[in-house]
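Just dropping this structure here.
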2 protein chains.
Amino acid sequence: MSDEKPGRGLPTISQVAEVAGVSRATVSRAFTRPQMLSADTVAKVKTAAKSLGYVPNQVARALSTGRHGNIALIVPDVANPFFPPLIRGAQGRADLAGLCLFLGSSDETPEREDMLVAKFAGQVEGVILVSSRLDEDRIRAHAARVPVVLINRDVPGLPRVLIDTASGIGAAVDHLAALGHRHICYVTGPAASWSNQQRRRAVRNGARHHGITLTTLPAQRASFEAGREVVPALIASGATAAIAFDDVTAQGLLVGLAERKINVPERFSVIGCDDVLGATTFPPLTTVSAHCDEAGETALDLLSDVIRLRGTRDIRYALDTELVVRGSTGPAPK
Amino acid sequence: MSDEKPGRGLPTISQVAEVAGVSRATVSRAFTRPQMLSADTVAKVKTAAKSLGYVPNQVARALSTGRHGNIALIVPDVANPFFPPLIRGAQGRADLAGLCLFLGSSDETPEREDMLVAKFAGQVEGVILVSSRLDEDRIRAHAARVPVVLINRDVPGLPRVLIDTASGIGAAVDHLAALGHRHICYVTGPAASWSNQQRRRAVRNGARHHGITLTTLPAQRASFEAGREVVPALIASGATAAIAFDDVTAQGLLVGLAERKINVPERFSVIGCDDVLGATTFPPLTTVSAHCDEAGETALDLLSDVIRLRGTRDIRYALDTELVVRGSTGPAPK
DNA sequence: GAATTCTCTGCAACCGGTTGCGTGTCAAGC
DNA sequence: GCTTGACACGCAACCGGTTGCAGAGAATTC
């Protein structure tokens, strides 16, 4: 029959205790606080444990201590190149802190995100929500259950890490103005996104400051296709340069323009945001560089503080950005 | 003071029992096997639970049942576009099966992968290893502790899902031969990768069959940069077409060629593998399409079978591939 | 009306660790 | 020689659920 429990057969603390000729408590301490025990008792226990292939059961440990060293990171879409560097940054810090990182992808839907947080909540000590699509009430509700740190979402009262693209976007508009562009476009991202609202505002301010005409074109979601499809409208607008919500959208613009044989940057300039594509486009993309990895690192540090100190504080951590000029921008055509 | 346990304050089964005026066992059953109880007892318990905001503690449940509905998926690198579709496929199936998926990224290093599996092993019911860089002994060792399913790694005795690129690569060589190419290059991927060995062999067989000259150029790792850097050697080889280990490498080739003003496909043809970039390159990449999402789905189904039936079988599941012709291939230059 | 069966619920042991408290041992201090 | 304290270890309760077994009523059968 196959009515065994999974994990059945794995040695338990009791078996180790018996082999080593000590109590269960001693075995437990040999692993968690060896300094409480004499050196040779520890050695005896470790030997017995090794001979049995014993490894402490994390689940049982978590039940009695309430700690298991797991944290969750939830992103809208693993396929979006914006997130991997951030994930990697968080992972690196998690390793340092001895934490184990669980990753969830919500496919950009609030419902899935909600479900994920709920499922994770019972099994992790804290959650990092990246670019959450949840409304503020839901976020607060979750935060009441389990420590939450936000990235690119500005909910007062919760610890949050914000990539302040406003400065970089400002520099991007300056850059275009200096090149002589008098009419530019902003191609938007997800309306619900905090980042999009912030970037949109920054472009508007910059344009007003330089007396540049601004057209805003909507792209339903931040995707390559959306960028590509918006190209006809872009050309029709009469603008000579575009700032896209993110690099992926910008890449869509580049391809859409190439298909119409409009040379970049001779006839049209394109600027992205996030700097996640590096120089993998042709021409290499001028973009606003955000330190995504740093955002992940900071969020993790914040979270482990919250967990350690058992109290969440109202921290708003802003990371600044800078313009990286590559080959997709040039002087405005005559 | 802040010496409380995390999770402290969350209602437990005992509190619900007291409020509802029943025993703890009854509360437990109200959630796990309501059909055992009378309808109004269930209602009474649910009401009490809701009023307290009770939600069952997964950790405690896992300890007593040995089941927690968690599984882990470990990939070499989340930043590689090959994996997200696969991840998404697995997630979809996990949702259906009521399983919660944990994701780990090993950064292409066997040590990290080893550590990740060990950390996860105690907290999940099964592990899916994608393109594992571990040696066979380590994989077997882990498989002895926790159910393991492999993707793109061929270890006899373990359930595994293999994307059989041989057929697609064969079609790619046929395609180039039909276009008149007489000398082609294969740009390799990670030497330790099963996929790379398989693809390399398929190119060799195809070339031999058509009597085409084959040059093999090494790219240290599967990356955009590696592809770009190999371009000079590619040109020097005298070949008129290249098949790259994967799409990302192929993209590197495209950019490297564009930088040297070598038009694709007029003067040089490029073929990728995996079909993860879609048409986001310019020109759109001809590539061997692998059904990554399907691989994720299949692996998850296999794993949940193994968990349910408590027995691992020697299953070798091969997914076939096909050539998708887009704009990066054309007739051999005269 | 008694025996039998079925339905519903409680008792208590168990999952595999952790930890506060108590005890025994031994060396140092008076 | 007796007290004192430090040290090393064991006892037993506890974390928050699950589940085999048993017992109380209610329903069914003869």
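How large are Rg and Dmax for chain A when calculated on the C-alpha trace, in angstrom?
Final numbers for Rg and Dmax: 25.9, 89 Å.
Let me ask something else. With a sphere of radius 12 Å drawn around the Cβ of A:Phe282, what net charge do the other residues whose Cβ falls strictly inside it have (Lys, Arg +1; Asp, Glu -1)?
Neighbourhood net charge equals +3.
Report, in degrees rounded to the nearest 10, the 0 to 90 angle that the Cα long axis of helix A:83-96 makes with the longest principal axis of chain A.
For A:83-96 against chain A, the angle is about 30 degrees.
I've got another one for you. How high is the FRET efficiency from A:Ser23 to B:Gln220, r the C-beta distance, R0 60 Å, rounded to 0.05? Don't skip to the end; give the middle numbers.
Numbers: r = 54 Å, r/R0 = 0.90.
Computed FRET efficiency for A:Ser23 and B:Gln220 comes out at 0.65.
Right, another one. Enter the angle in degrees (range 0 to 90, nearest 10) between the Cα long axis of helix B:136-145 and the first principal axis of the Cα atoms of chain B, meaning the one along which they spread out most.
Computed tilt is about 20 degrees.
Can you work out ³J(HN,Hα) from phi for every residue in the range B:122-127, in order, using Karplus 6.51 cos²θ - 1.76 cosθ + 1.60 and θ = phi - 60°, giving whole Hz and x for Gly and Pro?
Result, rounded to whole Hz: x, 10, 10, 8, x, 10.
HN-Hα J couplings of the range B:268-278 from phi, Karplus 6.51/-1.76/1.60, θ = phi - 60°, integer Hz, Gly and Pro as x?
8, 10, 10, 10, x, 8, 3, 6, 9, 8, x
I would also like to ask the following. Rounding to the nearest 10 and keeping the result within 0 to 90°, find how far the Cα-based axis of helix B:165-178 lies from the longest principal axis of chain B.
20 degrees
For A:Lys334 and A:Ala236, FRET efficiency with R0 = 22 Å and r from the beta-carbon atoms, rounded to 0.05? The partial results should precede the final answer.
Working: r = 20 Å, r/R0 = 0.91.
Computed FRET efficiency for A:Ala236 and A:Lys334 comes out at 0.65.
Which loop GluC sites (Glu not before Pro) in the range B:70-129, with loop taken from DSSP, have no more than 12 other Cβ atoms within 10 angstrom of their Cβ? Intermediate results must be reported in sequence, preceding the final value.
On the way: sites: B:Glu108, B:Glu111, B:Glu113, B:Glu125; in loops: B:Glu108, B:Glu125.
Here no GluC sites (Glu not before Pro) fit, given the DSSP loop and packing criteria.
Please compute the net charge surrounding A:Thr240, taking Lys and Arg as +1 and Asp and Glu as -1 over other residues with Cβ under 12 Å from its Cβ. Present the calculation step by step, with values, prior to reporting the outcome.
Working: positive: A:Arg182, A:Arg267, A:Lys334; negative: A:Glu266.
Its environment carries a net charge of +2.
Once label points are set 7 Å from the Cα along Cα→Cβ at both A:Ala118 and A:Glu266, what is their separation, rounded to one decimal in nm?
Each label point is offset 7 Å from its Cα along the Cβ direction, giving 5.8 nm.
Between B:Leu52 and A:Gln197, what's the calculated FRET efficiency when r is the beta-carbon distance and R0 is 41 Å? Round to 0.05. Before the final figure, lay out the partial values.
Details: r = 38 Å, r/R0 = 0.93.
Efficiency for this residue pair is about 0.60.
Once you average over the residues of A:94-107, how many Cβ atoms of partner chains fall within 10 Å of each Cβ?
For this peptide, the per-residue mean of nearby foreign Cβ atoms is 4.
Taking amide H atoms as placed 1.01 Å from N in the peptide plane, list the residues 5 or more away in sequence, or in a different chain, whose amide H sits under 5 Å from that of B:Ile315.
Under 5 Å from the amide H of B:Ile315 lie the amide H atoms of B:Arg160, each far enough along the sequence or on another chain.
Let me ask you something else. Subtracting the Cα-Cα distance from 0.36 nm times the residue separation, let me have the gained length for B:Asp164 to B:Leu96 in nm, one decimal.
Values: separation 68, 0.36 × 68 = 24.48 nm, distance 2.65 nm.
Net length gain for the segment: 21.8 nm.
Between B:Gly170, B:Met115, B:Ala244, whose Cα lies farthest towards the positive end of the dipole of chain B when Lys and Arg beta carbons carry +1 and Asp and Glu beta carbons carry -1, centred on the Cα centre?
Of the options given, the answer is B:Met115.
Is there a simple number for the mean count of other chain Cβ atoms within 10 Å of the Cβ of residues in A:280-286, and what is it? Intermediate results must be reported in sequence, preceding the final value.
Numbers: counts 13, 6, 9, 3, 2, 0, 0.
Mean shielding by partner chains, rounded to a whole number: 5.
Another one. Once amide H atoms are built 1.01 Å from N in the peptide plane, which residues 5 or more positions from B:Val288, or in another chain, come under 5 Å H to H?
Under 5 Å from the amide H of B:Val288 lie the amide H atoms of B:Gly272, B:Cys273, B:Asp274, B:Asp275, B:Val324, each far enough along the sequence or on another chain.
Once phi is turned into ³J(HN,Hα) by the Karplus curve 6.51 cos²θ - 1.76 cosθ + 1.60 with θ = phi - 60°, what whole-Hz value does each residue of the range A:239-250 show in order, with x for glycine and proline?
6, 10, 7, 9, 10, 9, 3, 8, 5, 5, 4, 4
To the nearest Å, what is the center-to-center distance of the range A:222-288 and the range B:229-292, using C-alpha atoms only?
21 Å
With a cut-off of at most 13 other beta carbons within 10 Å, and DSSP calling the residue loop, which trypsin sites (Lys or Arg not before Pro) in the range A:13-121 qualify? Please list them. Before the final figure, lay out each step's value.
Numbers: sites: A:Arg24, A:Arg29, A:Lys44, A:Lys46, A:Lys50, A:Arg61, A:Arg67, A:Arg88, A:Arg93, A:Arg112, A:Lys119; in loops: A:Arg67.
Here the trypsin sites (Lys or Arg not before Pro) that fit, given the DSSP loop and packing criteria, are A:Arg67.
Ok, one more. How big is the dipole moment of the range B:164-290 about its Cα centre under a simple scheme where the beta carbon of each Lys and Arg is +1, that of each Asp and Glu is -1, and everything else is neutral? Debye, nearest 20, please. Could you put the intermediate results ahead of the total?
Working: 11 positive and 10 negative charges, 89 e Å.
It comes to approximately 420 debye.
Something else now. Run down the lysines and flag those whose C-alpha is under 17 Å from the C-alpha of B:Lys261, throwing out any fewer than 8 positions away in its chain.
Straight-distance partners of B:Lys261: A:Lys261.
Right, here's the next one. Per-residue Cβ counts within 10 Å, from other chains only, averaged over B:118-124: what number is that?
Numbers: counts 1, 8, 4, 4, 12, 10, 2.
So the per-residue partner count for this stretch is 6.
Further question: Which distance in nm do the two modelled labels at A:Glu259 and A:Ala43 give, with both placed 7 Å along the Cα-to-Cβ direction?
7.3 nm
Determine the shape class of the protein assembly as shown: with a ≥ b ≥ c the square roots of the Cα gyration tensor eigenvalues, call it rounded for a/c under 1.5, and otherwise prolate if a/b is greater than b/c, oblate otherwise. Could you put the intermediate results ahead of the total?
Details: a/c = 2.22, a/b = 1.39, b/c = 1.59.
Oblate.
Moving on to the next point. Quickly estimate the mean residue ellipticity at 222 nm for chain B, helices only: each DSSP H run with n ≥ 4 gives -39500 (n - 2.57), and the total goes over all residues, rounded to 500.
Numbers: 13 runs with 150 residues, N = 334.
Per the formula, -14000 deg cm²/dmol.
Report the local net charge at A:Arg112: Lys and Arg +1, Asp and Glu -1, summed over other residues whose C-beta lies under 13 Å from its C-beta. Could the numbers behind the result be given before it?
Values: positive: A:Lys119, A:Arg133, A:Arg138, B:Arg88; negative: A:Asp77, A:Asp107, A:Glu108, A:Glu111, A:Glu113, A:Asp114, B:Asp95.
With Lys, Arg at +1 and Asp, Glu at -1, the net is -3.
At 7 Å along the Cα-to-beta-carbon direction for both B:Arg33 and A:Ala279, put a label point, then send me their distance in nm to one decimal.
Taking the two extended label points, one gets 6.6 nm.
OK, next. Per q in 0.10, 0.13, 0.19 Å⁻¹, report the Debye log10 I(q)/I(0) for the range A:71-183, using one uniform scatterer on each alpha carbon and no solvent.
-0.36, -0.55, -0.97
Okay, moving on. What residues qualify as long-range amide H neighbours of B:Thr215, i.e. H under 5 Å apart, gap of 5 or more or another chain, H built at 1.01 Å from N?
Result for B:Thr215 returns B:Ile184, B:Cys185, B:Tyr186.
Once you order the gyration tensor axes a ≥ b ≥ c over the Cα atoms, which shape class does the range A:164-290 get: rounded for a/c under 1.5, otherwise prolate or oblate by comparing a/b with b/c?
Rounded, because the longest to shortest axis ratio a/c is under 1.5.
We did not get these values from a lab; they are worked out from the coordinates using the rules stated. Note that the structure is predicted; figures quoted are calculated from it, not measured. FYI the Cβ positions are ideal-geometry reconstructions off the backbone, even for glycines, and counts take in every protein chain you see.
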